[in-house]
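What follows is calculated from the coordinates using simple rules that are stated; it is not laboratory data. Keep in mind that what you see is a predicted model, and the values were worked out from it rather than measured. Cβ sites come from the backbone with ideal geometry, for glycine too, and all protein chains shown count toward neighbours.
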Amino acid sequence: MKQGQTHSSFDFIIFGATGDLTKRKLLPALFYRYLDQEIPSKTRIIGAARSQLSNEEFRAQARDGLNQFVQEPDRNPEKIEAFLQQIFYISLNGAEAESNWPALLNLLSSDPQNDIRIFYLATSPKLYGAICDNLSNEGLITENSRVVLEKPIGTSLATAQDINNSVGKHFPENHIFRIDHYLGKETVQNIIALRFANPVFERLWNSDVIDYVQITAAETVGIGNRGGYYDGAGALRDMVQNHLLQVLCMVAMDPPISLEADDLRNEKLKILRSLSPMSEEDIRLNTVRGQYDAGMEGNKPVSSYLEDLKKENSNTETYVAICAHVNTSRWSSVPFYLRTGKRMAEKTSEVVIQFKRSAWSLFPTMPEPNRLHIRIQPDEGVSLSLQVKDPSKSHDSLRSTFIDIDFSPAFHIRYPDAYEGLLMDVVEGDPLLFIRNDEVEAAWRWVEPILKGWSKGLVPLSHYKSGSWGPNEANKLLAKNGHLWHEVMP
Ligand code: BG6
């Protein structure tokens, strides 16, 4: 969806509004869209949560969040105050039938035929079904209503199916927006353009030419104050089941027949269903799990996961590496290495496509294989490694260099946060960048045996120092195939 577009009027109701997501992501994203005049003046942003707060108290929290999470040049105090006037709060337990529902109805637009209602569920996923039952019993779901579900959609296949069924009783599938903010990142969407608008790549996008693929989402931060959620989830559920598998789909899928939502989602689904199921032996050989010990975050000494969690023991992984295979003719025998971790050496999300070495060489040394590096964040961009003649040496000497494009300076733009575009897509009712129910379930089908294998103790928990690139077992995982992680590639 294009920025700066005019939208229909809408009400935006956030359940679980006092949580971190509202402050860090949702309100700053809506504020940026407000600055671009995409939030009509009639629109009300309504926070709903159990705490007893007045509108003013909630606005004070919102102001605080905007001052922290909106970038300096856009932090105009008058504009912030004007935006806050469109924000309201009601104390409401969405999971209880006997709660303050009349107050919500009073705040909603009096033109439900025309105005859009967006119910954004940022609560525990366990409450999604009950909230939707109550919205329905209160008669709040209109033809123009949409529901947004934050991840995680469940903690297993069965719980994801329960959520899909309980929400699906009240909303048609095309009004259910399961958000995965990785799909909202410009550079993840750009994978489609890069692949399908550049025949030079599309023709090479297969196992004849590609040796292996790496998908990394590394963070420098620890679990912060999210231990309560994180310790029950772990990195596999928190990052791999959703973000990393979605990126893998974008890299591996066949061209969709159009850029319509279901055509794209059908292709992604095919990939999720083509992932080779992991047997116990595969889990033992092809997965690594780790937990961070004390170490450094930049220049700052930081404590271990257990200290952050204030617990003596935990078997939860803060790092995962997996060697996956996509069982299609295009990808037969190409390893897809996935990894994610907290407290890693760098904050970086990237895709690395390592091309095969040539079988012979005209030169005295074997040329280094080409490599395409897609930088999802930060420093959004793409680079392609090339071999050129070393200008300081004789005619048969080679040197590695890069063609490198840094998108932000090249296009003179601020890279918007993923939520900005996604929230406006919900307003427009465009589900292209949202996950369909069958995708969520297919992802769980692949992930669940790994979780089960781990809970049987098939893969011991390794430890890694905060500020490192993860446990050594992850290097061994690639070394078995003669491969290297990106940061140690020549
Ligand atoms: C969220 C996870 O979905 O993604 C967090 O729950 C993680 O644990 C975050 O920190 C990472 O997002 P990004 O956009 O910073 O890579």
Placing each pseudo-label 7 Å from Cα in the direction of the beta carbon, Lys311 and Ile403 end up separated by a distance in nanometres of 5.0 nm
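Does the stretch 201-280 classify as rounded, prolate or oblate by the C-alpha gyration tensor (a ≥ b ≥ c root eigenvalues; a/c under 1.5 gives rounded; else a/b over b/c gives prolate, otherwise oblate)? Walk me through the numbers before you get to the answer.
On the way: a/c = 2.14, a/b = 1.82, b/c = 1.18.
Prolate, since a/c reaches 1.5 and a/b exceeds b/c.
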Note to self: C-alpha centroids of the stretch 139-166 and the stretch 413-432 sit apart, in Å, by 20 Å
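Do the sum for the chain: with -39,500 (n - 2.57) for every DSSP H run of n ≥ 4, divided by all residues, what is the mean residue ellipticity at 222 nm, to the nearest 500 deg cm²/dmol?
Details: 18 runs with 164 residues, N = 490.
Calculated at 222 nm, the ellipticity per residue is -9500 deg cm²/dmol.
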Expressed as a whole-number percentage, the relative contact order of the chain with C-alpha contacts under 8 angstrom and at least six residues apart is 17 percent
Between Phe69 and Asn106, the two model label points (7 Å from Cα along the beta-carbon direction) sit apart by a distance in nm of 2.9 nm
Once the in-chain neighbours fewer than 8 apart are removed, the lysines whose Cα is under 23 Å from Lys151 read Lys23, Lys25, Lys126, Lys169, Lys185, Lys268, Lys270, Lys342, Lys347, Lys452
Note to self: C-alpha centroids of the stretch 312-343 and the stretch 239-293 sit apart, in Å, by 10 Å
Diffing the stretch 286-292: the Karplus 3J(HN,Hα) column from phi (6.51, -1.76, 1.60, θ = phi - 60°), in whole Hz with x for Gly and Pro, holds 10, 10, 10, 10, x, 9, 7
With +1 on the Cβ of every Lys and Arg and -1 on the Cβ of every Asp and Glu, the dipole magnitude of the chain about its Cα centre, in debye rounded to the nearest 20, is 1100 debye
Env charge @ Ile450, Cβ radius under 12 Å, K,R +1 / D,E -1, value +2
The stretch 55-124, convex hull of Cα, quarter of hull surface, nm² -> 6.4 nm²
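Just check the stretch 377-481 against the gyration tensor rule for me: Cα atoms, a ≥ b ≥ c as the square roots of the eigenvalues, rounded for a/c under 1.5, and otherwise prolate or oblate depending on whether a/b exceeds b/c. The partial results should precede the final answer.
Values: a/c = 2.53, a/b = 1.18, b/c = 2.14.
Oblate is the answer for the stretch 377-481, as a/c is 1.5 or above yet b/c matches or exceeds a/b.
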So, relative contact order of the stretch 17-115 in percent, Cα under 8 Å, 6 or more apart, is 35 percent
Rounded to whole angstrom, the alpha-carbon centroid of the stretch 443-466 lies from that of the stretch 31-56 at a distance of 40 Å
Sorted by chain and then number, the residues having a modelled amide H within less than 5 Å of the amide H of Tyr337, at least 5 places away or on another chain, are Val213, Gln214, Ile215, Ala324
Measuring from the longest principal axis of the C-alpha atoms of the chain, the long axis of helix 186-196 (C-alpha) lies at a number of degrees, nearest 10, equal to 50 degrees
Expressed in angstrom and ordered largest first, the alpha-carbon extents of the stretch 1-123 along the principal axes are 44, 32, 22
Computed over the stretch 266-423, the distribution of all Cα-Cα distances in 5 Å bins, rounded to whole %, is 2, 7, 9, 11, 13, 15, 16, 12, 8, 4, 1, 1, 0
Cβ density ranking, 10 Å radius, fewest first, applied to Glu260, Glu441 yields Glu260, Glu441
In degrees rounded to 10, the 0-90 angle between helix 55-69 Cα long axis and the longest Cα principal axis of the chain is 20 degrees
Cα-based Rg and Dmax for the stretch 160-251, in Å, come out at 17.3, 48
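Given +1 on the Cβ of Lys and Arg, -1 on the Cβ of Asp and Glu, and no further charges, what dipole in debye does the stretch 310-370 carry about its Cα centre, rounded to the nearest 20? Provide the component values of the computation, followed by the final result.
Values: 9 positive and 5 negative charges, 34 e Å.
It works out to roughly 160 debye.
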So, over other residues within a Cβ distance under 13 Å of Leu362, counting Lys, Arg +1 and Asp, Glu -1, the net charge is 0
Karplus-derived 3J(HN,Hα) from phi for the stretch 202-214 (6.51 cos²θ - 1.76 cosθ + 1.60, θ = phi - 60°), whole Hz, x at Gly and Pro, runs 4, 5, 9, 8, 6, 6, 5, 10, 9, 7, 7, 10, 10
Non-local residues with an amide H under 5 Å from the amide H of Leu398, with H modelled 1.01 Å from N and Pro and chain starts lacking one, are Asp390
The helix 157-168 Cα axis meets the longest alpha-carbon principal axis of the chain at an angle in degrees, between 0 and 90 and rounded to 10, of 40 degrees
Simple SL model, points at 7 angstrom along Cα→Cβ for Leu259 and Leu204; separation in nm is 2.4 nm
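Could you list Arg445, Arg284, Arg33 in order of exposure, starting from the residue whose Cβ has the fewest other Cβ atoms within 10 Å? Please report the intermediate quantities before stating the final value.
Details: Arg445 15, Arg284 12, Arg33 23.
Ascending Cβ contact count within 10 Å gives the list Arg284, Arg445, Arg33.
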Diffing the stretch 225-234: the Karplus 3J(HN,Hα) column from phi (6.51, -1.76, 1.60, θ = phi - 60°), in whole Hz with x for Gly and Pro, holds 9, 9, x, x, 6, 5, 5, x, 9, x
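Please compute the Kirkwood hydrodynamic radius of the stretch 86-155 from all pairs of different C-alpha atoms, in Å with one decimal.
On the way: mean 1/r = 0.0777 Å⁻¹.
For the stretch 86-155, the Kirkwood estimate is 12.9 Å.
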Most exposed to least, judged by fewest other Cβ atoms within 10 Å, Arg24, Arg289 sort to Arg24, Arg289
At q = 0.10, 0.12, 0.13 1/Å the base-10 log of I(q)/I(0) from the Debye formula over the alpha-carbon atoms of the chain is -0.82, -1.16, -1.34
